[in-house]
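Asks: The structure under discussion is supplied below as structure tokens; questions concerning it will follow.
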Amino acid sequence: MKKIIEKITEEMEKAFEKAGYDPSYARVTVSNRPDLCEYQCNGAMAAKKAYQKAPLQIAEEVAAAVDSAEILEEVTAVKPGFINIKVAKPFLADYLQQMYGDSRLSVDEAAEKKTVIIDYGGPNVAKPLHVGHLRSAIIGESIKRTGRFLGHKMIGDVHLGDWGLQMGLIITELRERKPELSYFDESYEGDYPKEAPFTISELEEIYPAASARSKEDEAYREKALTATHELQQGRRGYMALWNHIMNVSVSDLKANYKKLDVEFDLWKKESDAQPYIPDMIQKMKDEGFAYEDQGALIVDVKEETDTKEVPPCMLLKSDGASLYTTTDLATIVERMKLFHPDEILYVVDKRQEMHFIQVFRCARKTGLVNEDTKLSFLGFGTMNGKDGKPFKTRDGGVMRLENLIREIDQEMYKKIVENRSVKDTDAEKTAEIVGLSAIKYGDLSNQASKDYVFDIERFTSFEGNTGPYILYTIVRIKSILERFRQEGGVLEVGRLLSPVSDSEKSLMLETARFNGMVENAFEEKAPHKICSYIYELSNDFNRFYHETKILTEENQEQKLSWLILLDLVRKVLEQSIDLLGFSAPERM
Ligand code: ARG
């Protein structure tokens, strides 16, 4: 469906033309003075120079030239040359009626459908999933869903970190503890046991222990580096251990992501890129891009216009080991080969920005991607505690995701039970649903690149700019509709009438902006725009609801019209939260 702002713009273009001005000046925006008008056009100010005329005069001529009472109810020129616009009520009702009848709620699929690989989640195998990985999962999931809703082919890849030093550390620590295991015996040629020599909880204890020791014990660190390298070279016993580590942690990760309602299409991992490394490096050498520098193999990626130092991209260390960069480059090779994406989008902590600048430049320079393949980096900020420092547990440790979710759910449970509208049997399930909205909305309502404070109390509040407030609004609408239906009411026989109050018109105008908002949120990879939209919409709804006695309205046509409006608002809100990655309960 055409956007409402486009329809208004078309009318203004006609008016500019009719008054003798270039229609390209007829740009219309949502009013920033909603007390005065609904939309505005500042084109007369822009046209001042070209026509050597006072903007107010241009604005007046244009306003007088408008002859569509059908779409525009009122167009007025005001000092110093703004054009204020009010939308015609029957037109607005009609627009929403069409939206109501459209299964996509007025949002068209993109004319040009893209294949986008979205690299998000990025957990490291064998390390517990902690809050640091939360943001990537939440933001990435929302962008993926939004793109998919617009008809793009979005391929979400978790891109597990399974190939780095953490693996060497675990192997080394295991070896210290259980040297007798066959995995460490290089002369061993038999089969390895099917059962892993550790459980997930042991694994989660082993890694931090190893990591701490490697920081104090240089010889130990050397061993871990060697083990990492040997693993990467395919040493048999280590590969078998690696397989155990993978099996044990991947099932744990899957369970965690499921709780977050985050779903990946691909469970690829850094090691999958390994087979592409030798050819890629050979080619970079042959074509003169890669050269040796103090034993390491590097590609220069600095550019003349750089304002800060961009170090060369390192492909191989002097001992021949590959690096994070090498893996990311080879993963690009693999992705191009398997999926031919139009874009690869990385949703990663913004502190890794330099790494991605190097990788992207190197990939372009050496021709790993096509000229028109977009490589984008969405760097997100840190999630802080109330003290403004990176979020920690009460005793100062790294917060595990599971525990964080549990804390939120408990807090929600308390509130819901206090509310008492739900039978106890539902309360736990409801707390989980609402708790997820608290976490996700709390994160997504901030611009991704900014740091934010994770504040359980605020996020779980039923009032203010929070997930639970949005869900509360949806549930409220559902219960009104439910009561109407229980009394035998049928929505389908009614239709939307023109708004009769300011609050109703505001609600309708906001609802009509849905399609433009979704497109814009995807284009700018900005889920926070979806949040601001539904917050506004919920506020508009609640204002309207407090002012309007819906179910007791005597005029049946009017009552039906209001209920249809409510149902449409509910649909828009539910579609929006689905794009954000959560859902609403039946009651709360
Ligand atoms: N595993 C990495 C980390 O925890 C994030 C991976 C991001 N994706 C990528 N292709 N580098 O920092």
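The values are calculated or read from the model by the stated rules, or taken from the named source; none is laboratory data. As the structure is a computational prediction, the values presented were derived from the model and not from experiment. For neighbour counting, all protein chains shown are included, and Cβ atoms are generated from backbone atoms with ideal geometry for every residue, glycine included. Just so you know, the surface numbers come from the protein's heavy atoms only, side chains and all, with ligands and any DNA or RNA stripped out. Shrake-Rupley method; radii C 1.70, N 1.55, O 1.52, S 1.80 Å.
Asks: Given (1) closer than 25 Å to Ser445 by Cα; (2) part of a loop (DSSP other than H, G, I, E, B), where does Trp163 come up short, assuming only one miss?
Replies: Condition (1) is where Trp163 drops out.
Asks: So which of Val369, Val348 is open to solvent by 10 Å² or more (accessible area, probe 1.4 Å) and more than 11 Å from the ligand (Cβ to nearest atom)?
Replies: After ruling out the rest, the residue left standing is Val369.
Asks: May I ask you to verify whether Glu463 is at pLDDT 85 or above, out of contact with any strand residue (DSSP E or B) (no Cβ under 7 Å at 6 or more places or on another chain) and more than 23 Å from Lys529 (Cβ to Cβ)?
Replies: no
Asks: Enumerate the pairs (first residue in the range 252-270 and at positive phi; second residue anywhere and surrounded by fewer than 17 Cβ atoms within 10 Å (Cβ to Cβ)) with beta-carbon separation below 9 Å, excluding pairs fewer than 6 apart on the same chain, so at least 6 apart or on different chains.
Replies: Going by the 9 Å Cβ cut-off, the qualifying pairs are Asp261/Ser583.
Asks: Is it the case, given these coordinates, that Arg364 is away from the ligand (no atom under 15 Å from the Cβ) and farther than 21 Å from Asp455 by Cβ?
Replies: yes
Asks: Could you check the range 155-168 and list, in sequence order, the residues that are open to solvent by 10 Å² or more (accessible area, probe 1.4 Å) and either among the hydroxyl-bearing types (Ser, Thr, Tyr) or more than 9 Å from the ligand (Cβ to nearest atom) (or both)?
Replies: Passing the criteria: Ile155, Trp163, Leu165, Gln166.
Asks: A further question on this structure: Would you please name the residue that is nearest to the chain's Cα centre (by Cα), looking only at residues in the range 142-152 that are more than 16 Å from the ligand (Cβ to nearest atom) and assigned to a helix (DSSP H, G or I)?
Replies: Ser142
Asks: Is one or more of the residues making up the range 284-296 free of Cβ contacts under 8 Å to residues at least 12 places away in the same chain and open to solvent by less than 80 Å² (accessible area, probe 1.4 Å)?
Replies: Looking for residues that are free of Cβ contacts under 8 Å to residues at least 12 places away in the same chain and open to solvent by less than 80 Å² (accessible area, probe 1.4 Å), one finds at least one in the range 284-296, hence yes.
Asks: Residues that are exposed (fewer than 15 other Cβ atoms within 10 Å of the Cβ) and not basic (Lys, Arg): does the range 43-50 have at least one?
Replies: So far as the range 43-50 goes, yes, one or more of its residues are exposed (fewer than 15 other Cβ atoms within 10 Å of the Cβ) and not basic (Lys, Arg).
Asks: Among the residues of the range 259-273, what is the count of those that are part of a loop (DSSP other than H, G, I, E, B) and either small (Gly, Ala, Ser) or farther than 16 Å from Asn124 by Cα (or both)?
Replies: Count: 5.
Asks: Moving on to the next point. Condition check: over 21 Å from Leu253 (Cα atoms), open to solvent by less than 50 Å² (accessible area, probe 1.4 Å) and free of Cβ contacts under 8 Å to residues at least 24 places away in the same chain. Does Leu375 satisfy that?
Replies: No: the conditions fail for Leu375.
Asks: Something else: Away from the ligand (no atom under 16 Å from the Cβ), open to solvent by 50 Å² or more (accessible area, probe 1.4 Å) and part of a strand (DSSP E or B): does that describe Glu309?
Replies: No, not satisfied.
Asks: Among the candidates Ile117, Ile155, Ile139, single out the residue that is part of a helix (DSSP H, G or I) and of a type in the set (A, V, I, L, M, F, W, C).
Replies: Just one listed residue meets the conditions, Ile139.
Asks: Among the candidates His355, His340, which residue alone is within 12 Å of the ligand (Cβ to nearest atom) and within 30 Å of Asp272 (Cα to Cα)?
Replies: His355
Asks: Still on this structure, please answer the following. Within the range 95-104, is even one residue aromatic (Phe, Trp, Tyr), surrounded by fewer than 18 Cβ atoms within 10 Å (Cβ to Cβ) and out of contact with any Gly (no Cβ under 8 Å at 6 or more places or on another chain)?
Replies: no
Asks: If we only count helices (runs of 4 or more DSSP H) wholly inside the range 432-526, which ones have 1 or more residues that are buried (at least 18 other Cβ atoms within 10 Å of the Cβ) and acidic (Asp, Glu)?
Replies: 502-512
Asks: State all residues of the range 106-144 that are basic (Lys, Arg) and buried (at least 22 other Cβ atoms within 10 Å of the Cβ); if no residue qualifies, say none.
Replies: Within the range 106-144, Arg135, Lys144 qualify.
Asks: May I ask you to list the residues in the range 322-337 that are more than 10 Å from the ligand (Cβ to nearest atom) and modelled with pLDDT under 95?
Replies: Ser322, Leu323
Asks: Something else about it: What residue, among those in the range 528-574 that are under 15 Å from Thr473 (Cα atoms) and small (Gly, Ala, Ser), is most open to solvent (accessible area, probe 1.4 Å)?
Replies: Ser532
Asks: Further, regarding this structure: Consider Glu189 carefully, then state whether it is free of Cβ contacts under 8 Å to residues at least 24 places away in the same chain, more than 23 Å from Gln575 (Cβ to Cβ) and either within 12 Å of the ligand (Cβ to nearest atom) or not basic (Lys, Arg) (or both).
Replies: yes
Asks: Taking helices (runs of 4 or more DSSP H) that do not extend beyond the range 1-103, which have at least 3 residues that are more than 17 Å from Phe514 (Cβ to Cβ) and touching a helix residue (DSSP H, G or I) at 6+ places or on another chain (Cβ under 7 Å)?
Replies: The helices (runs of 4 or more DSSP H) meeting that bar are 4-18, 43-51, 55-65.
Asks: Please verify whether Asp319 is away from the ligand (no atom under 16 Å from the Cβ), in a loop (DSSP other than H, G, I, E, B) and within 18 Å of Phe356 (Cα to Cα), treating the condition exactly as stated.
Replies: In short, no.
Asks: Turning to a different aspect of this structure: Looking only at the range 185-201, which residues are over 15 Å from Ser251 (Cα atoms) and loosely packed, with under 15 Cβ neighbours inside 10 Å?
Replies: Selection gives Asp185, Glu186, Ser187, Tyr188, Glu189, Gly190, Asp191, Pro193, Lys194.
Asks: Pull up the range 79-128, narrow it to residues that are on the phi > 0 side of the Ramachandran plot and under 25 Å from the mean Cα position of the chain (by Cα), then point me to the one that is farthest from the ligand (Cβ to nearest atom).
Replies: Checking each candidate, the answer is Ser106.
Asks: Quick one: what pairs do we get from the range 485-496, first residue closer than 24 Å to Asp94 by Cα, second in a helix (DSSP H, G or I) and among the acidic types (Asp, Glu), C-beta under 9 Å, 6+ apart or different chains?
Replies: Leu491/Asp567; Gly494/Glu557; Arg495/Glu557; Leu496/Asp94
Asks: Please specify each residue of the range 378-401 satisfying the condition of being surrounded by 12 or more Cβ atoms within 10 Å (Cβ to Cβ) and modelled with pLDDT of 85 or more.
Replies: Result: Leu378, Gly379, Phe380, Gly381, Thr382, Met383, Asn384, Gly385, Lys386.
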